[in-house]
Amino acid sequence: MRRLRYAAVYNSRILQMLPSSRARWFACLVLLFSQLAFAADWQKPITQLAGKISAATGPGVVALDITNRSSISAADVEVIRRGITTELATAGVRVWQPEQAAATVKVTLSENLDNYVWVAEIQQGTSEPTIAIVSAARPVSVATTQSGPAMALHATPLISQAEPILDVAVLEGTPRRALVLSGSSVTIYVFQDNHGVRAQTLPISHEGPFPRDLRGRIIFRKDHLFDAYLPGTICHSTDAGGLGMTCSHSDDPWPLGIDSGLSAFFAPARNFFTGVLSPGIGKQKSVVPFYSAAGIPKDKYMLWLFSGTDGQLHLLDGINQQTAGRLRWGSDIAGIRAPCRPDWFVLAAPASDEEESLQAFEFPDREPVAVSQKLSISGSLTAFWTQQNGEAAIAVYQSSETGVYEALQLTLTCNQ
């Protein structure tokens with residue numbers, strides 16, 4: 001910041017010579033004006049959100065809980081809490097203890113790339129919760145300095161090979177192994193000193209040619225080692241007389257990551273999912289055709305995100321469908337969780353004029369909030385899948401320098 005220059009007027013000792021009572025009065029006056037400025041900045045969204053809450057609950061007693069997942073300071077959160085409480089009282093809604101309340105209001109303060117986003121989840125009895133959302137531009141009087149990202153995104157190199165890698169399944173243990181799916185085989189690698197050594201190759205047989213932009217998925221199973229999904233083809237591992245594999249024509253849906261039971265049908269001649277879901281998300285049995293999906297468990301439902309072939313991110317919760325039209329993400333997303341947090345996060349590739357990068361986001365409501373640094377990759381992302389336990393994701397890219405396909409294992413940790 002440019003340093004201000006002052007004329008040589010020697011008045012610095014005047015404040016030191018003020019009587020103590022006058023000094024305290026002056027400090028209180030400064031604090032009062034500061035708080036009034038903050039209140040003015042937040043008044044509009046406070047009034048809007050309180051109005052939506054009171055319209056949903058009607059006069060009565062509610063319990064109010066506020067969670068801050070934004071860069072708003074603790075002091076401002078308290079200003080917002082008092083403001084909402086005051087506005088609700090004006091509308092005949094009294095904030096009191098949960099055991100004496102007819103409704104519970106959980107307010108989440110979050111932010112996206114443009115605005116603050118406040119979401120109120122209003123629960124009355126056993127009925128479906130009501131959601132109220134307001135947004136506000138960042139107040140000019142609030143400092144925008146933030147601490148570093150809450151999470152750290154790590155990348156561990158797994159396998160490099162000239163043939164395109166469609167997916168990788170990592171089998172932890174001694175020794176650690178990786179199953180690498182390509183268009184021609186499933187290859188088993190054994191790690192020695194963190195270096196993958198090829199141990200066995202299982203060839204894939206299929207009817208007719210695969211599509212040019214080939215995609216595939218490999219999943220561990222409980223009654224046999226794995227299933228491999230490719231367009232119009234499924235392969236099952238066998239263990240009769242050693243590890244083997246059989247492949248056959250199949251139109252079965254592909255699992256969509258975490259153990260949620262949700263699958264989707266893949267277009268056999270294309271590189272995307274048709275949008276037909278099995279068994280569906282609540283009442284919703286389909287979505288637009290999409291490239292990838294990520295599930296985020298919530299308290300009472302699962303929020304699913306779909307990267308549509310229309311370039312939009314679609315959000316489904318079993319009842320409602322929304323579109324996050326302003327996001328500039330690529331076609332690949334994946335869900336992930338961190339051992340230090342109960343939440344689930346979404347890994348995505350935000351659009352950039354520079355080299356491609358990956359970043360973690362949380363969805364406290366229906367707007368993403370970045371929680372990690374950007375992790376640059378020196379090439380084009382070609383595959384992106386959640387590992388089954390959700391504690392890691394697999395990213396594959398083709399190196400812009402060598403043309404070789406590189407598989408990475410991505411994990412999240414909490415910054416201290």
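Checking the condition within 22 Å of the chain's Cα centre (by Cα) and assigned by TED's automatic domain parsing to the domain that holds T386, which residue from L243, L256, L225, L214 passes? Steps first, answer last, please.
Details: L243 fails: within 22 Å of the chain's Cα centre (by Cα); L225 fails: within 22 Å of the chain's Cα centre (by Cα); L214 fails: within 22 Å of the chain's Cα centre (by Cα).
On inspection, the qualifying residue turns out to be L256.
Tell me which of these G125 doesn't satisfy, since it passes every other one: (1) more than 28 Å from the chain's Cα centre (by Cα); (2) crowded, with 17+ Cβ neighbours inside 10 Å; (3) within 29 Å of K298 (Cα to Cα). With respect to (1) more than 28 Å from the chain's Cα centre (by Cα); (2) crowded, with 17+ Cβ neighbours inside 10 Å; (3) within 29 Å of K298 (Cα to Cα), G125 is out only on (2).
Select, from P211, P203, the only residue that is in contact with a Lys or Arg (Cβ under 7 Å, 6 or more places away or on another chain), farther than 20 Å from A393 by Cβ and touching a residue at least 12 places away in the same chain (Cβ under 8 Å).
After ruling out the rest, the residue left standing is P211.
Hey, does the range 329-339 have a residue that's under 22 Å from G275 (Cα atoms) and free of Cβ contacts under 8 Å to residues at least 40 places away in the same chain? So far as the range 329-339 goes, yes, one or more of its residues are under 22 Å from G275 (Cα atoms) and free of Cβ contacts under 8 Å to residues at least 40 places away in the same chain.
The condition of being under 28 Å from the mean Cα position of the chain (by Cα) and either surrounded by fewer than 16 Cβ atoms within 10 Å (Cβ to Cβ) or modelled with pLDDT of 50 or more (or both) holds for V77.
Can you find a residue that is of a type in the set (K, R), part of a loop (DSSP other than H, G, I, E, B) and at pLDDT below 85 anywhere in the range 367-374? Looking through the range 367-374, none of the residues is of a type in the set (K, R), part of a loop (DSSP other than H, G, I, E, B) and at pLDDT below 85.
Flag not set for R82, criterion: basic (K, R), modelled with pLDDT under 90 and not in a strand (DSSP E or B). For the range 97-115, does any single residue satisfy the condition of being polar (S, T, N, Q), at pLDDT below 85 and in a strand (DSSP E or B)? Yes, the range 97-115 contains at least one residue that is polar (S, T, N, Q), at pLDDT below 85 and in a strand (DSSP E or B). Would you check if there is a residue in the range 362-385 being free of Cβ contacts under 8 Å to residues at least 24 places away in the same chain, closer than 21 Å to G257 by Cβ and buried (at least 21 other Cβ atoms within 10 Å of the Cβ)? The answer is no; no qualifying residue exists.
The values are calculated or read from the model by the stated rules, or taken from the named source; none is laboratory data. Quantities reported herein were computed from a predicted structural model and do not represent experimental measurements. Neighbour counts are summed over all protein chains in view; Cβ atoms, including those assigned to glycine, are modelled from backbone coordinates with ideal geometry.
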